[in-house]
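The values are calculated or read from the model by the stated rules, or taken from the named source; none is laboratory data. All figures in this text were calculated on a predicted structure; none of them were measured in a lab. Positions of Cβ are backbone-derived with ideal geometry, glycine not excepted, and every protein chain shown enters the neighbour counts. Just the protein is used for accessible areas: all its heavy atoms, side chains included, with ligands, DNA and RNA removed. Shrake-Rupley method; radii C 1.70, N 1.55, O 1.52, S 1.80 Å.
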Amino acid sequence: MTYVTPRSTILRPLAALALGALALAAGIALARAWLPEWLPGELPSREFFVNRYREIARQAGVRLPAAEPKVAFTGRDEDVEKLDDDVVDRLGPRRAAAVGAGLLVDVKQQGVPPKTGAPARELRIRFLPSGDPVILRWSHLAEIFEDKMKKKPGPSAAEQARFSRLLLRPGERFGPAGQREVGATKHVTVGSENRGASFKDEGEFLGITYPVVGSDPPQYVIVTGLPGGALRVERKPADAGAKDGEGFPVAALLLQGIPVICGGAAVIVLFILLLARRRIGFVNGGLLAAVVFVAAAIPSLFADPSWLGALQLVGAVFLALWILLVWSTSESYLRSLQPGLVQSLDTLRTGRLGPRSGRALLYGVAAGAFLAGLRLAVLALASHLPHAWPKNDSFRLPLFGIRTPLNDGVLLAASAMLAVGLAVRFLPARWVPWAAAVGAGLALPLVPCDPPWLQAGAGLVAGGVLVFLSLQTGVAAGLAAALSAYLLQAAAFAGLHLSWLPVSFNFAAGIPALFLALGFVGLSRPPQAELERIKPPAFMKRLEEEQRVRYEMDLLARMQRGLLPAKLPEIAGWEIAARSLLATEAGGDLYDFLHDEKGNLWIAAGDVAGHGYSCSIAQAMTSAALASLIGAEKTPAEVLVGADRVIRRASTRNFTSLALVRLDPRTGEALMSNAGHPFPLLLLGAAGGVEEIDLPGLPLGQGPPRKYSDLRFEIPPGSSLVFCSDGLFEAADARENLYGYEHPRELLRAFGDRPATEILEALFTDWRRHLGGQEHQDDTTVVVVKRI
């Protein structure tokens, strides 16, 4: 039978996709208007930049091989010395792009210097889209490191001057030279005798700065001599001075710094705890980490096949390991609390897609398109508002390098998942969505920018979208949304420069397209496809078993409490107090009060050995046997013999200690038989004496058939009969010192004239003081029967 998808099931995801597409289009429009790297205009071909590169190489005297140089996009976030954000903020998008704050084209190739016998070096030039060079580096980073270790001298003054003039444009000239430390902003004027030289102070390279007369906006060129004749020449806009509002960044600390630190610390602490308790799974996290590593390793090695490029893969390894740690921790923690939210990941991984999974993926792509549009809009706004700026470009170039959109998307989805797990664990249900949205939005912001309130606002919206998706449709939708948020933005940029970035476009657009295809496939399949239970991770099997055991033990504990008297008897002339404290597992302490037809009060205090089901069954059988066997014509010894027969039939694994007393409330006469229970204590009122009712006997249930004897005694007025289980006497403090038998006897001597409840409280208070905060390991029961 062919499954027909209901029309409403398709229309809602389609409407969401349409809204997401509109949001993405609006974000792209704002980016094209206000972000330097998105400005519209026809970008020249690769051949144009190759020709410009070769022309500048000829001017520098560098001989190039006939092979084609490598040409690629790059961005200002890749520069050794970044542009001052405050400077860029004052320029506007087009003027900012003209000084290198927008799109750059990187061209590099090995060349031979004019000096005879000199080794070949890498000449690397970064161009504006107009073809003007802004950064020139003569030597590969690997070569610089090697030359520095060998302490080779730097380039000559003439060579530095020749390379620095290559960055001048028609109508421009150099002004008086100055000194500048690489990475700093302070200028030091030097005399003409140092013109063209390079300086080194305390391990830092110092460059010569040349103001560019005739540049608009005002710019300068830094030329830095490096070991082995290497050079770096950079063209930058003039510094704007101190930024407005300098001081201690309280808002940045509260909205940007602390949430990120707390999020990272939470991941590490949870990972250690989950790993120690073997409650973590690495399957999905390992797959995501592997995909991220491959997406980073292949293009990185292709771009730089040298040993330095291979060394950069160490960074990719650490990023993949961090993703493995963050994702596995977040997923495992949420899975242990809300398995249903994470099951969509297993459905997606195993290919068991159905309508629910299909809708989740479609909604995820729609939400990702909305977030991509939001991100571009906020970055555009930050670049357009005064005293606000993006901390980096709206994307990293190359789009797929050591850090990729996949890396950002996985971490964003993991932060939302972890925030949901922590909120579910520690907050009431009604606060979970709001708290999780705040935590996810601040801990891993969607848009790193200033001012902090703008970054925080965008993060809260993104966190709310991802948390809502995860709670409503599962974590797979949140992952699809987070990945699509970065991939769709990358795909939009690559699509504008398709001749330059065909592979990046196919990859960036292909993953959201795959989500869409899987979503529609899921909608076309019957619901039964995803209803079958998927094999859970191994740690979930252990967790389910632990939860089952905890539930059963809780059930046993409630059963045990149900077997105890709901209400203590009220007898004229007598006070009765009783309390039973359960240990960590369901044990077998019991006490009961029964009346026979002559008005006698039967008092039973016992303890079934062991824990668990068999213990509770033996306890229930003991209580039932006492209720059925007690009678006015029976003695306690006869009742114990009958109870022994019943327990033997019910269980051969447990034995039961039981003290049974038949009390005549009118006279205080008592008849007792004991089957191995600790001897009751007779507290002789104001006289302060304490006597043991010494009557030994074997426990019920195991060994040869039992015979028990009775002991007759009297409870005088003002005296009390106290029953204690062995949990009281055998409780140990931190030093393994037992509470013992003598200690309670000494204590009770001072309470002979007190009411029954005070005697009970005094005994438990002293017992807890002895434990000193240690948990008692066995059930503890005390029964006090006092004759007024």
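Annotations
Conditions (1) in contact with a Ser or Thr (Cβ under 8 Å, 6 or more places away or on another chain); (2) open to solvent by less than 80 Å² (accessible area, probe 1.4 Å), marked per residue:
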| position | (1), (2) |
| --- | --- |
| E746 | no, no |
| R749 | no, no |
| P755 | no, yes |
| H770 | no, yes |
| V782 | yes, yes |
| I788 | no, no |
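- Of residues in region 489-536 being touching a Gly at 6+ places or on another chain (Cβ under 6 Å), buried (at least 16 other Cβ atoms within 10 Å of the Cβ) and in a helix (DSSP H, G or I), the one modelled with the lowest pLDDT: A529
Residue-by-condition table, conditions (1) farther than 22 Å from S336 by Cβ; (2) open to solvent by less than 30 Å² (accessible area, probe 1.4 Å); (3) in contact with a strand residue (DSSP E or B) (Cβ under 6 Å, 6 or more places away or on another chain):
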{"position": "S415", "(1), (2), (3)": "no, yes, no"}
{"position": "L418", "(1), (2), (3)": "no, yes, no"}
{"position": "V424", "(1), (2), (3)": "no, no, no"}
{"position": "L427", "(1), (2), (3)": "no, no, no"}
{"position": "A440", "(1), (2), (3)": "no, yes, no"}
{"position": "P448", "(1), (2), (3)": "yes, no, no"}
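- Scanning region 582-605 for residues that are modelled with pLDDT under 90 and either in contact with a helix residue (DSSP H, G or I) (Cβ under 8 Å, 6 or more places away or on another chain) or open to solvent by less than 20 Å² (accessible area, probe 1.4 Å) (or both) yields a count of 8.
- Residue match in region 297-316 (condition: at pLDDT 90 or above and out of contact with any Cys (no Cβ under 9 Å at 6 or more places or on another chain)): no
- Residues that are under 16 Å from the mean Cα position of the chain (by Cα), part of a helix (DSSP H, G or I), surrounded by 18 or more Cβ atoms within 10 Å (Cβ to Cβ) and charged (D, E, K, R) do not occur anywhere in region 279-288.
- Matching entry among A456, A477, A485 (being closer than 13 Å to L371 by Cα and either buried (at least 24 other Cβ atoms within 10 Å of the Cβ) or in contact (Cβ under 8 Å) with a residue 40 or more places away in the chain (or both)): A485
- Filtered residues of region 615-670 (kept if of a type in the set (S, T, N, Q), assigned to a loop (DSSP other than H, G, I, E, B) and under 30 Å from G718 (Cα atoms)): T635, T667
- Cβ-Cβ contacts under 7 Å between residues 6 or more apart (or on different chains), taken from a first residue in region 750-764 that is at positive phi and at pLDDT below 90 to a second residue that is among the aromatic types (F, W, Y) and not in a helix (DSSP H, G or I), are absent.
- Test: residue in region 342-351 that is within 14 Å of the chain's Cα centre (by Cα) and basic (K, R): no
- Inter-residue pairs, beta-carbon under 9 Å, first modelled with pLDDT under 85 and in region 257-268, second acidic (D, E) and part of a helix (DSSP H, G or I), 6+ apart: none
- Taking region 1-91 and the helices (runs of 4 or more DSSP H) fully enclosed by it, the elements with 2 or more residues that are surrounded by fewer than 17 Cβ atoms within 10 Å (Cβ to Cβ) and at pLDDT 90 or above are at 7-34, 46-60.
- Which numbered condition Q338 misses (of (1) more than 27 Å from E530 (Cα to Cα); (2) under 24 Å from the mean Cα position of the chain (by Cα)): (1)
- Answer from A659, A675, A686 - the residue that is of a type in the set (G, A, S) and surrounded by fewer than 22 Cβ atoms within 10 Å (Cβ to Cβ): A686
- Top-ranked residue in region 724-744 [being assigned to a loop (DSSP other than H, G, I, E, B) and more than 23 Å from Y591 (Cβ to Cβ); ranked as least open to solvent (accessible area, probe 1.4 Å)]: D733
- Residues being surrounded by 15 or more Cβ atoms within 10 Å (Cβ to Cβ) and in a loop (DSSP other than H, G, I, E, B) - total across region 697-720: 11
- Residue count, region 96-110 (criterion: modelled with pLDDT of 90 or more and buried (at least 21 other Cβ atoms within 10 Å of the Cβ)): 5
- Which numbered condition D216 misses (of (1) assigned to a strand (DSSP E or B); (2) at pLDDT 80 or above; (3) open to solvent by 10 Å² or more (accessible area, probe 1.4 Å)): (1)
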